[in-house]
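Enquirer: The structure that follows is given in the form of structure tokens.
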């Protein structure tokens, strides 16, 4: 199974968030919990679904990640953009604060 | 301009209050996302890639300066200082927070605007000829009919849950300036033998994954029957359109599978039951609506404007701008001005809050306070005295809005693409920027002449790539963006769907590919008067294809 993380959008502002190992949510993919087995993924998905039912997050889904020394990195243009913000407005989105 | 009546005011205000309560219940956890999603979509609130997006309706693309100023205020107060004008002649705000949306809707309601029916399987904002009421060649002012359609289609109980979304377009003359052939229903104003206005009715056009041009089901529909005939078409569609497969749910599929003649027969059969009923427009109704669109207080001017000739001769940049962005007006001494939202290398359709305010001020100072949004994602000032063009242009230069490229190769339509949109497969804006920069030399751009370049980030074709002279479709191949090129599409009265040229190009080669296409055109055209589309129709795909793939 490929390494997998869980992402969603935050209810308050729709911003991209990632599920962390302690069951919280972070704006940074670097903080995301990475599932390396089906069992781990099921566990994370159950946490995400509970958060969605509780109403704090919207539309959670699992996606494949690369890992570098255990830290997750996005694969594919869509997930890369979600970690940053619009490539045509680098003054907006998460990339603005991180640059 | 049309103003809300008491019913409109009361309803929109009630809707804002209702949505405010729904948002509060959602934030309090009393509504699930599944319950809330249809409610937010009914109020124009989408969830996009990075944030929520609010799509605000601009009925048939017509704005007062007060409304545009308010959009600028909303952009600054609640968003990130800008808005994005779309091919649907609407505006989108890309960063609203959920709790602010009711306040935004209240601020919109204060200037007779809303976000209702900008989503969902209902009748959407009517696409209009942006030069309605002022075009030198128009048969009749199409805004009157757009407004009649707006009143009829707003909250129409029978058509709130159609098989799929539904878009109507109206153009005011034989020149199609509203892409009518690519709409669910296209209406082309014409006169009968006695000089009475009516419509050629087209049905079943659409883009997306199955591009189909609309077919004419009625050569002439007298204006009094407009609503009953539209209702008959919608009823046939509502009853027979597919609800089991989203990809086959648009009316274009129904018309294609039923056949034009049979579909027309079904419509006529339904129409026979209702044509003389309550939807028949009573005497005086068209005149009543017409009064809202009465011409402004034009001055009696000579059409010749010697001052303008002197100003053009003395300023090359101004001269170039007049050459591309100024068109004939029906009244002597006046002109129609396109304000390009396509700065070279910029983001097509974006305008900052300051630019919206600047345009509103210029519309007040030099026009009659009216602004249009074009389906090409530009703004338009309909009534400018020729003698004021130079001062207006100076104001636009100061606001960064004087790009002289209307209808030219850098006047590119681009959807938000993967930079913003949840449905997109590839980015569209960076490709538009790369092409725009490639052709930024004004002399070269002028030499190329009029050509349409449209870029969609997915098969939904929001940027109308199928009907562009040069169409570009972004696709995803294993996480990488590629761009498929089509040639020979057209969005005017000779509408055509473009031909796929061959294998897609990657991000680094797509601007080169467009340049190659333009070079082939320049080499093959019979003089500067032969526009790209005419050359393409004369020589076909082959010369372009040979050059594009020569090295492979």
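Enquirer: Provide the convex hull volume over Cα atoms per residue for the stretch B:413-548, in Å³.
Expert: Hull volume normalised by residue count: 97 Å³.
Enquirer: So how do B:521, B:73 line up by other beta-carbon neighbours within 10 Å, fewest first?
Expert: Ordered by Cβ neighbours within 10 Å, fewest first: B:73, B:521.
Enquirer: Follow-up. Compute the relative contact order of the stretch B:134-292 as a whole-number percentage, counting only Cα pairs closer than 8 Å that sit 6 or more residues apart in sequence.
Expert: Answer for the stretch B:134-292 is 20 percent.
Enquirer: Using the count of nearby Cβ atoms within 10 Å as a rough guide to exposure, how do B:407, B:50 rank from fewest to most?
Expert: Ranked by crowding around the Cβ, least crowded first: B:407, B:50.
Enquirer: Shape call for chain B from the C-alpha gyration tensor, a ≥ b ≥ c root eigenvalues: rounded (a/c under 1.5), prolate (a/b greater than b/c) or oblate?
Expert: Since a/c stays below 1.5, the shape of chain B is classed as rounded.
Enquirer: In which sequence would A:1, B:42, B:53 go, from the one with the fewest C-beta neighbours within 10 Å to the one with the most?
Expert: Lowest to highest Cβ neighbour count: A:1, B:42, B:53.
Enquirer: Could you please tell me the mean projected area of the C-alpha convex hull for the stretch B:6-109, averaged over all directions and given in square nanometres to one decimal?
Expert: Hull-based average projected area comes out at 6.9 nm².
Enquirer: Follow-up question, since we're still on this one. Which whole number gives the average count of other chain Cβ atoms within 10 Å of the Cβ atoms across peptide A:88-97?
Expert: Across the residues of A:88-97, the mean count of other-chain Cβ atoms within 10 Å is 4.
Enquirer: With the cut-off at 1.5 for a/c, could you classify the stretch B:443-511 from its C-alpha gyration tensor as rounded, prolate or oblate?
Expert: The shape class here is oblate.
Enquirer: Sorting check: for B:266-274, B:359-367, which peptide has the highest mean count of neighbouring beta carbons within 10 Å, and how do the rest follow?
Expert: Highest to lowest by the protection proxy: B:359-367, B:266-274.
Enquirer: Let me confirm one metric for peptide A:47-59, namely the mean number of other chain beta-carbon atoms within 10 Å of its residues' beta-carbons.
Expert: 2
Enquirer: From the P(r) of chain A, could you give the percentage of C-alpha pairs in the tail past 24 Å?
Expert: Everything past 24 Å amounts to 18 percent.
Enquirer: Would you work out the relative contact order for the stretch B:369-509, in percent, from Cα pairs under 8 angstrom that are 6 or more residues apart?
Expert: 16 percent
Enquirer: So, by mean Cβ neighbours within 10 angstrom, what's the order for B:199-208, B:502-511 with the highest one leading?
Expert: Highest-to-lowest ranking by the protection proxy: B:199-208, B:502-511.
Enquirer: Return the FRET efficiency for the residue pair residue B:247, residue B:32: r is the Cβ-Cβ distance, R0 is 25 Å, and the value is rounded to the nearest 0.05.
Expert: Efficiency for this residue pair is about 0.35.
Enquirer: Counting only other chains, and only Cβ atoms inside 10 Å, what mean value do you get across the residues of B:420-431?
Expert: Mean inter-chain Cβ contacts per residue within 10 Å come to 3.
Enquirer: Restricting to the protein assembly as shown, what percent of DSSP beta bridges are antiparallel, rounded to 5?
Expert: Here the antiparallel bridges make up roughly 85 percent for the protein assembly as shown.
Computed from the coordinates by the stated procedures, all read-outs in this text should not be read as laboratory data. It should be emphasised that the depicted structure is a prediction, and the values quoted were computed from it without experimental measurement. Methodologically, a virtual Cβ is constructed for each residue, glycine included, from the backbone with ideal geometry; neighbour enumeration extends over all protein chains shown.
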